[in-house]
Amino acid sequence: MQNVATPLYLDWSFWAVVVAFAAMVLSQLPPIHVMLKRAKLDLELYSKISITHKLGNPNLQLHLILNNIGGRRVRIKDLKVSISKDGTHLANLPAQNYLQNQNDQNTVLFTTFALEPNDEWAHITNFLNFFNRDDEKIYQKIEGDLLTDFRSHKKETNDEGNKEELYEHPDELVSPAFDFFEKHFCWNAGEYNMSIIVTTDTKSADITKNYRFTIFESHTEALSAIKDYFKYGGGLYWNPKIQTSVILEVSEA
């Protein structure tokens, strides 16, 4: 009697192999509920920030933590901070560089980066308001005039006398530095609002968080102390050993 071949769809051994293979494939994939989740970021900020300035031009440093809590890859295209006081907008500070590790001495240029689901990006980041073209020209002239005057003085005196003695520049060369400082300095005593704005390649994943901090008169005085050295070129072509930044408490608004 001739044996009749069992149809493949009735062969339980075949289906056992199919089920095992399917289980193996599915085990390598994210859960369905994760795959269906949209792109989403979470932003955390360390409770302290550092504010400083360059000849009055405001800068700040934040410790940021970005988490991709969604189910899709997200590319961070831009990070910036908006500062306002008493309802008046003061400055937009873009992220310019960051420390890869907290103990590093050198920073890394900030560029776009991607976060896979569950990835985290946590770095101390510098938000720097670089001079625009016109301000850069003015600053370079102030610094250049002072440096030229200093070199001329050294040449005339032939390096005689106390090498540690500070050389005082004439008022007409120093006054532009004071004018520049007063025009750009914004860290005066008062209550400030700060918005951290994260722009991504997926609009629904963009995130903005609002914070507030207080600057006291003592902070403003510490940041303004550099003005005492302008007449010697300090803060321009050399940096005096004084406090140039202030650490502040920040809270979510």
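The values are calculated or read from the model by the stated rules, or taken from the named source; none is laboratory data. This is a predicted model, so every value here is computed, not measured. So basically every Cβ, Gly included, is an ideal-geometry build from the backbone, and we count neighbours across all protein chains shown. Surface areas here come from the heavy atoms of the whole protein model, side chains and all, with no ligands, DNA or RNA. Shrake-Rupley method; radii C 1.70, N 1.55, O 1.52, S 1.80 Å.
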Handout entry: Tally, over the range 192-214, of residues that are among the polar types (S, T, N, Q) and in contact with a Ser or Thr (Cβ under 7 Å, 6 or more places away or on another chain)
Key = 4
Handout entry: Residue pairs meeting the criteria (Cβ under 6 Å; at least 6 apart or on separate chains; first farther than 26 Å from Phe131 by Cα, in the range 94-114; second not small (Gly, Ala, Ser))
Key = Ala114/Arg73; Ala114/Arg75
Problem - Residues of the range 218-253 satisfying the condition of being open to solvent by less than 20 Å² (accessible area, probe 1.4 Å) and touching a Gly at 6+ places or on another chain (Cβ under 6 Å) - result: Ile226, Pro240
Problem - Residue check for Glu172: loosely packed, with under 13 Cβ neighbours inside 10 Å, among the acidic types (Asp, Glu) and over 30 Å from Ser82 (Cα atoms) - result: yes
Problem - Asn193 being of a type outside the set (Phe, Trp, Tyr), open to solvent by 40 Å² or more (accessible area, probe 1.4 Å) and in a loop (DSSP other than H, G, I, E, B) - result: no
Problem - Residues of the range 202-217 classified as under 22 Å from the mean Cα position of the chain (by Cα), aromatic (Phe, Trp, Tyr) and surrounded by fewer than 16 Cβ atoms within 10 Å (Cβ to Cβ), total - result: 0
Practice task
Would you tally the residues in the range 240-251 being free of Cβ contacts under 8 Å to residues at least 12 places away in the same chain and under 23 Å from the mean Cα position of the chain (by Cα)?
Solution key: 0
Fill in the blank from the handout: Scanning the range 52-78 for residues that are touching a Pro at 6+ places or on another chain (Cβ under 7 Å) and open to solvent by less than 10 Å² (accessible area, probe 1.4 Å), the one nearest to His219 (Cα to Cα) turns out to be Asn68
Handout entry: Condition check for Ser152: in a helix (DSSP H, G or I), exposed (fewer than 11 other Cβ atoms within 10 Å of the Cβ), on the phi < 0 side of the Ramachandran plot and not acidic (Asp, Glu)
Key = yes
Problem - Selection status of Ile83, touching a residue at least 40 places away in the same chain (Cβ under 8 Å), aliphatic (A, V, I, L, M) and either under 16 Å from Ala189 (Cα atoms) or open to solvent by less than 10 Å² (accessible area, probe 1.4 Å) (or both) - result: yes
Practice task
Assess whether Ala39 counts as being at negative phi, part of a helix (DSSP H, G or I) and at pLDDT 65 or above.
Solution key: no
Practice task
Take the residues in the range 151-185 that are at pLDDT below 85 and not acidic (Asp, Glu), then tell me which one is farthest from Ser224 (Cα to Cα).
Solution key: Asn158
Fill in the blank from the handout: Expected single match for within 27 Å of Thr112 (Cα to Cα) and outside any loop (DSSP other than H, G, I, E, B) among Ser224, Ser204, Ser218 is Ser204
Fill in the blank from the handout: Result of the Cβ filter at 9 Å on the range 205-225, keeping first residues that are more than 27 Å from Glu44 (Cβ to Cβ) and free of Cβ contacts under 8 Å to residues at least 12 places away in the same chain and partners that are open to solvent by less than 70 Å² (accessible area, probe 1.4 Å) and in a strand (DSSP E or B), at least 6 apart or interchain, is Ser218/Val246
Handout entry: Residue list for the range 237-251, restricted to those being modelled with pLDDT of 95 or more and in contact with a helix residue (DSSP H, G or I) (Cβ under 6 Å, 6 or more places away or on another chain)
Key = Val246
